[in-house]
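I have placed the structure first, in the form of C-alpha cells, so that the comments after it can refer back to it.
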Amino acid sequence: MAGGPWQTDCVERPLSRALRGLGGLVGAHPWPFLLLPVALSAALGSGFHLLPSRESNDIEAQFTPGGGLAKSERRLVQERFPTRDAERFSAQRLTTEGTFASFVAVAAEPSHTLLTRAAFAELLALDAAVRGFSAGGRGYAEVCALQNGSCSSPNPLLSAVGGDPARIEALLPGLTFPLWQGRVLLGFFLGGVSVGPGAADNRSRPLQAAEALRLVYYLQEDAPAPREASLLWLKSFQERIPDLLDSLGLASVRVSYFTSLSRQEEFEKNSKTVIPLFSITYTLTIFFSIMSCSRLDCVRTKVWAAAFGVLSSGLAVLSSFGLLLYCGVPFVITAANAPFLILGVGVDDMFIMVSRWQQTKVKDTVVDRMANTYAEAAVSVTITTLTDVLAFYIGIATAFPSIQSFCIYTGTAFIFCYIYNLTFFGAVLALNGRREESNRHWLTFMKVPREAEESRGSTYNMCCVGGSYDEFTGAEFDHPMNEFFRNYFGPFLMHPWTKVSVVVLYLGYLSSSIYGCTQVKEGIDLRNLASDHSYVIQYYDWTDEYFKEYGPRVMVVVTESVEYWDSSVRADLEGCMELLENSVYVDKHLSESWLRIYEGIAARMSVNIDDHNTFIGNLPALFSINPESQWDVNFTNLEIPASRFFIQTVNVISAIDERNLLQQLRGFAADCRISLMVYHPAFIYFDQYLVIAQNTIQNVLIAAGAMLLISLLLIPNPLCSLWVTFAIASVIIGVTGFMAYWNVNLDSISMINLVICIGFTVDFSAHISYAFVSSEQQSVNDKAVDALYCLGYPIVQGAVSTIVGVAVLSVAATYIFRTFFKIMFLVIFFGAIHGLIFIPVFLTFFGVCRRLPDQEDPGVL
C-alpha cells in the first residue's frame, strides 16, 4: 500500500491515471464519444415499445413479501378447503378477498340513523338497481355467488325486510348487536352503532341506531368461465354506477362504492399521472442548469455544457430502461421514480466536471485541460457512482418485488449515466473547450474580441466581447459563489465558536432524529395506492370511521390429522382455542367451533364420542343440525386430515395493531400442542410488518459496509473514509426520524428512498472528503476551506437541481410520488448540510485526514 500506513491510494492513483488518459482521449477525439452514445441510446431506446407487456403492477405481487408466510398458508387452506361459490358460498370462508361489489351507506346527517323506513326505501332501490345490472348478456342472478340456491345476501337486514322498508321499524325492537338471533354477526354490516345495556357477555345488546351500513355483492370466481363473466359484470358495474347513483336521487343516505377491481385499477392509473411531470421536470432542470452555469462572458459561459449535461441523463434513462425492457425485466410503477433521481445525480456529476474544468489553465490545450479535469473530477464521480450502483443492486435482494424493480432499473441507469458523463458529456465539454480556445461566441460561434471597445458601447461589449481569464492563476475567473465559499463561508465555518455551534447543532439534530425513529409507523396503507381524487378514498375513509371495531374473522386451521375422538386431544384443542381467545385482539364470545357444537349435540343426545367409530359415525348428525360445519371438516376415508375454527378479532385499528395481532396469533398457534395455523386473506398484507424493518436495516447495513470498502479504496485516507460512512449513518437516521414528523410510514415505498439515502449521502460527503484529502493546503482549516471553495458551489448546484427535479412530484395526486419527493427532499437537505457544514468541521478535528507531503504525485493531483 503506497504512501505509508495511513495511505490507501493503491486503487485511487491508478484510477486517476487511467481517467486522465481517458480525458485526454475524449479531448483529442470528441466526435466518436459524442455520436456513439446517441446511436446506442436510439437503438436501446426502441425497447420502450415493449413497456406495455413488461408492466407488472399487481398490488399483492409487488407490495407484499415474495416469500410471505401467509401466501403459503393460503395455498394450504385452498388445498384442504376448496370453495364452491356456485353452490355453498360463505364470505368468512373465502381464502382471497373474493370478487365483489360493495357499498358503504352513511346517514345523510351524522346524528341520524339508517334504521329508518326512508333510508331503507333508498337502500332497497339501490339494491334493486344493482340486481338489474347485466353485462355480456348475463344479469346479476347469473354471476352471483350462491347460498342455498339463491344469491348470497348483501346485508342480513336488507334480506330481513324483504321488499318492504317499513319492516325495519318493526324489526328494530328485536335487533341486537353484535350478534342477532344468536348467530348473525352484524358487526361487519353495521357501523357507528348505538346500543343499550344487554347480556353480561355483551353478545346481544339492544341495537338503537346505526350511522352506517355495508352492502357486499359477491360474485362467482371458482371456475374460469364464471370468473370471466363476473369480471365483465364488475367492469360494467364500475362504468355505470356513478350515473345510477345520480339518477336515484338519494336523500336519506350518502353512498360510496368499491369493487374487488378498484384498488388495482386505481393503482395502475397512477403511472399515467406521472408521465406529464417528466417534461416539466426536465424543462425546469435544464433552465436551472443553464442559469447556474451561465456567465456574463459570452465565451466562457457554459450554456451548452449545462443543456447537454441534462440531455446526457435523459439518454442514460432511455438506454438503461430500453435495455432492461429487452431483457424482460418487469417494470413496476415504483421504477417511474427513477428518471427523476437519475436526472439529479447526472446533473450533480455534470456540475462537478464543469467546476473542475473551470479550474484548469486556460492557455493549456483542450487535450490537457480535459486530462486534468478527468484526473481531478472523474475519481470523485467514480466514487459516488460505484456507491450509488452498489447501494441499488444490494436493494435487489429485498423481499419486495416493487423494490427489486426500482433498484435494478435505477442501478442500471446509474451505470449508463456514469458512462455517458465520461463520454457524451465529456465530448460536449471538449467541443465547448475548442470553441472557447478559438474565442467564439456561445450562440453565434463567431470569433469575438477579448478586449472591450469603448466606441462600441456597453451593450455590445457585454454581449459580443469575451474570453477573459484570471492572468494570475491562469484559470477562468471564479464564479461569485466560489469566492463566497472561499472568502466568507469557509472562514466563518472554521471559526472556533462556529465549530462549537456546529457540534451543538449536530447533537440537536441527532437527538431529534433518534426520537423520530422511535415514532415511525410501519406498513403501507392500501388506500395510498390510489390517487387523492379516486372514488375509493371515500369508501376507505368511511370504512375506517365506522367499521374498525370488528376486524378480520380469522381461520384457525388444524393442519394435520388428529384423533378428535380422544378426549385429551379435544382438551388440547380447546386449550389452544382458549389461548387464542385470550388475545387482547379477540372477542372470545364470537368464536365459532364445529367441535364445540358437536360436543354439545353429543351431550344432548347422550352419545359418547370418545370412540373412533362413534365419533365418525355421528358426524352426519352434526352436519344436518349445523350444515355449515361440513365446510370446516375435511372428512375423507373415515379420517379428518384437516379442520378449521373461527375467531373474531376486534379493535384492530392501526398498522401497529395489525402487526401485533399477526405476531400474537402466530405465537399462540406455535405454542399449541396441536399443529395449528391461523389465516385470513388480510394476513397477506400484514406480513409486510414482519419483514419491512428487518429488510431495511439489513440492506442499509450491507450497503453502508460496501460504501466503507469503496471509500477506503478510493479516498486516500482511511479515517476520512470512516467519516463518509459516519455521514451515511447520520443521514439515514435523520431521514428516518423526520419521516415520522412528516407523516411518512416505513413501507416498501419509503424503503426505496432509504436505499437512495446511501447513494446521495456518499455523493456529498465523498466529494468534500476527497477534495479535503487531495488539497495541497497544510493546515486542516485551510484544507476544509479549499475543499469548500472547489466543491461547495457544485454541491449546492447538485442539491438544488435534484430538488428542482423532484419538486413537481410534491403536487402529484398520488402518495407514491409525494412520498418520493418528501424523502428525497430530506435526503438532499440533510446530505447537503452534512457535506457543507458537518463533515468539513468534523474533518478538521483530525489532522491526519490528509495526503502526506512526501507522497504527493504532481502528475496525478
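Quick one: is Val253 assigned by TED's automatic domain parsing to the domain that holds Val362 and aliphatic (A, V, I, L, M)? Step through it out loud before you land on a result.
Values: assigned by TED's automatic domain parsing to the domain that holds Val362: no; aliphatic (A, V, I, L, M): yes.
Criteria not met by Val253.
For the range 33-56, name all the residues that are among the polar types (S, T, N, Q), in contact (Cβ under 8 Å) with a residue 60 or more places away in the chain and closer than 14 Å to Val329 by Cα. Steps first, please.
Pass one, the range 33-56, residues among the polar types (S, T, N, Q): 41, 46, 53, 56.
Adding the requirement that they be in contact (Cβ under 8 Å) with a residue 60 or more places away in the chain leaves 41, 46, 56.
The one that is among the polar types (S, T, N, Q), in contact (Cβ under 8 Å) with a residue 60 or more places away in the chain and closer than 14 Å to Val329 by Cα: Ser56.
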| Just one of the numbered conditions (1) within 31 Å of the chain's Cα centre (by Cα); (2) modelled with pLDDT of 85 or more; (3) hydrophobic (A, V, I, L, M, F, W, C); (4) outside the structural domain of Ile816 (by TED's automatic domain parsing) is not true of Phe63; which one? | (2)
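So if I check each of Glu476, Glu451, which one is buried (at least 17 other Cβ atoms within 10 Å of the Cβ) and modelled with pLDDT under 90?
Working: Glu451 fails: buried (at least 17 other Cβ atoms within 10 Å of the Cβ).
Result: Glu476 is the single residue among Glu476, Glu451 that is buried (at least 17 other Cβ atoms within 10 Å of the Cβ) and modelled with pLDDT under 90.
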| task | Could you please find all residues in the range 389-405 being buried (at least 24 other Cβ atoms within 10 Å of the Cβ) and at pLDDT below 85? | result | Ala391, Phe392, Gly395, Thr398, Phe400, Ser402, Ile403
| said: Looking at the structure I just gave you, is Ala693 in the same structural domain as Cys407 (by TED's automatic domain parsing), farther than 19 Å from Gly516 by Cβ and touching a residue at least 12 places away in the same chain (Cβ under 8 Å)? | reply: no
| field | Top-ranked residue of the range 737-774 - restricted to ones that are at pLDDT 80 or above and in a loop (DSSP other than H, G, I, E, B), ranked as farthest from Arg13 (Cα to Cα) | value | Asn743
| request: Enumerate the helices (runs of 4 or more DSSP H) found wholly within the range 566-657, keeping only those where 1 or more residues are in contact (Cβ under 8 Å) with a residue 40 or more places away in the chain and crowded, with 17+ Cβ neighbours inside 10 Å. | output: 567-581, 594-605, 612-617
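Can you tell me which residues in the range 121-138 are free of Cβ contacts under 8 Å to residues at least 24 places away in the same chain and more than 25 Å from Arg254 (Cα to Cα)?
First, pick out the residues of the range 121-138 that are free of Cβ contacts under 8 Å to residues at least 24 places away in the same chain: 128, 131-132, 137.
Hit for the range 121-138 is Gly137, nothing else.
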| query | Hey, does the range 235-250 have a residue that's assigned to a loop (DSSP other than H, G, I, E, B) and either touching a residue at least 12 places away in the same chain (Cβ under 8 Å) or under 30 Å from Glu142 (Cβ atoms) (or both)? | reply | yes
| note | Taking first residues from the range 190-206 that are at pLDDT 90 or above and second residues anywhere that are assigned to a strand (DSSP E or B) and among the acidic types (Asp, Glu), the pairs with Cβ under 8 Å that are 6 or more apart or on different chains are Gly191/Glu211; Gly192/Glu211; Val193/Glu211
| task | Evaluate the range 343-354: report whether one residue or more is assigned by TED's automatic domain parsing to the domain that holds Asn421, in a helix (DSSP H, G or I) and within 14 Å of Gly45 (Cβ to Cβ). | result | no
| Mind checking whether some residue in the range 533-553 is in contact with a His (Cβ under 9 Å, 6 or more places away or on another chain), crowded, with 17+ Cβ neighbours inside 10 Å and either among the basic types (Lys, Arg) or assigned by TED's automatic domain parsing to the domain that holds Gln238 (or both)? | yes
| task | Take Cys417 and decide whether it is modelled with pLDDT of 85 or more, touching a Phe, Trp or Tyr at 6+ places or on another chain (Cβ under 7 Å) and either farther than 24 Å from Gly805 by Cβ or assigned by TED's automatic domain parsing to the domain that holds Thr301 (or both). | result | no
| note | For Arg254, the lone unmet condition from (1) more than 30 Å from Val811 (Cβ to Cβ); (2) not in a helix (DSSP H, G or I) is (1)
| request: Mind listing whichever residues of the range 8-23 are touching a residue at least 40 places away in the same chain (Cβ under 8 Å), closer than 21 Å to Phe416 by Cα and over 38 Å from the mean Cα position of the chain (by Cα)? | output: Arg20, Gly21, Leu22, Gly23
| In the list Glu239, Glu228, Glu221, which residue meets the criterion of being acidic (Asp, Glu), under 42 Å from the mean Cα position of the chain (by Cα), surrounded by 15 or more Cβ atoms within 10 Å (Cβ to Cβ) and assigned by TED's automatic domain parsing to the domain that holds Phe100? | Glu221
| field | Single condition Leu638 does not satisfy, out of (1) within 46 Å of the chain's Cα centre (by Cα); (2) aliphatic (A, V, I, L, M); (3) modelled with pLDDT under 90 | value | (1)
| request: Considering only residues that are among the polar types (S, T, N, Q), more than 29 Å from Thr498 (Cβ to Cβ) and buried (at least 24 other Cβ atoms within 10 Å of the Cβ), look in the range 788-845 and name the one that is modelled with the lowest pLDDT. | output: Thr814
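The values are calculated or read from the model by the stated rules, or taken from the named source; none is laboratory data. Since we're looking at a predicted model, the values are computed, not measured. So basically every Cβ, Gly included, is an ideal-geometry build from the backbone, and we count neighbours across all protein chains shown.
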